[in-house]
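The values are calculated or read from the model by the stated rules, or taken from the named source; none is laboratory data. Source: prediction; values computed, not measured. A quick note on method: Cβ atoms are made from the backbone with ideal geometry, for glycine too, and the neighbour counts reach across all protein chains shown.
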């Protein structure tokens, strides 16, 4: 089954109970955690944001759900691949955080789930949680 790199904005949508939180929850409930990936960059970004919102308990629960009780993959772009990040910034007009997500998705040969339309300028197809959920429910085979 496909590995899905879940972008920062998707996790934050759920963690901060924003407008599309239910859409994100449906996806997370439908996909086994071993098919989900989070970039190291996203982990740090989410940590900073939850810190700003004074939500340390939410951060601890998030880490526990994903990595302690869950099986989400943590993807790190190694220093020797930072040239690929710069290439993505230049060729697809992405800022650093989006280019990092782009390269992380390529490193795992996965698909990107994001609400960020900036990825639409790249050759990486961006999926929304609703798109992935529809794909999963249309399939005859449930995710294993």
Looking only at region 90-118, and only at residues there that are in contact (Cβ under 8 Å) with a residue 40 or more places away in the chain and assigned to a helix (DSSP H, G or I), the one that is farthest from residue 76 (Cα to Cα): 97
Region 29-39, residues that are in contact (Cβ under 8 Å) with a residue 60 or more places away in the chain and touching a strand residue (DSSP E or B) at 6+ places or on another chain (Cβ under 9 Å): 31, 35, 37, 39
Tally, over region 46-72, of residues that are closer than 23 Å to residue 109 by Cβ, in a helix (DSSP H, G or I) and either in contact (Cβ under 8 Å) with a residue 60 or more places away in the chain or touching a helix residue (DSSP H, G or I) at 6+ places or on another chain (Cβ under 8 Å) (or both): 1
Candidate set from region 119-143 (those that are assigned to a loop (DSSP other than H, G, I, E, B) and in contact with a helix residue (DSSP H, G or I) (Cβ under 9 Å, 6 or more places away or on another chain)); member that is nearest to residue 21 (Cα to Cα): 128
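Is at least one residue of region 117-126 surrounded by fewer than 18 Cβ atoms within 10 Å (Cβ to Cβ) and under 13 Å from residue 10 (Cβ atoms)?
Among the residues of region 117-126, not one is surrounded by fewer than 18 Cβ atoms within 10 Å (Cβ to Cβ) and under 13 Å from residue 10 (Cβ atoms), which makes the answer no.
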Residue identified as over 15 Å from the mean Cα position of the chain (by Cα) and at pLDDT 95 or above among 14, 84: 84
Candidate set: region 1-20, residues that are more than 12 Å from residue 115 (Cα to Cα) and touching a residue at least 40 places away in the same chain (Cβ under 8 Å); chosen: the one surrounded by the fewest Cβ atoms within 10 Å (Cβ to Cβ): 1
Residues located in region 76-89, provided they are over 19 Å from residue 35 (Cα atoms) and assigned to a loop (DSSP other than H, G, I, E, B): 78
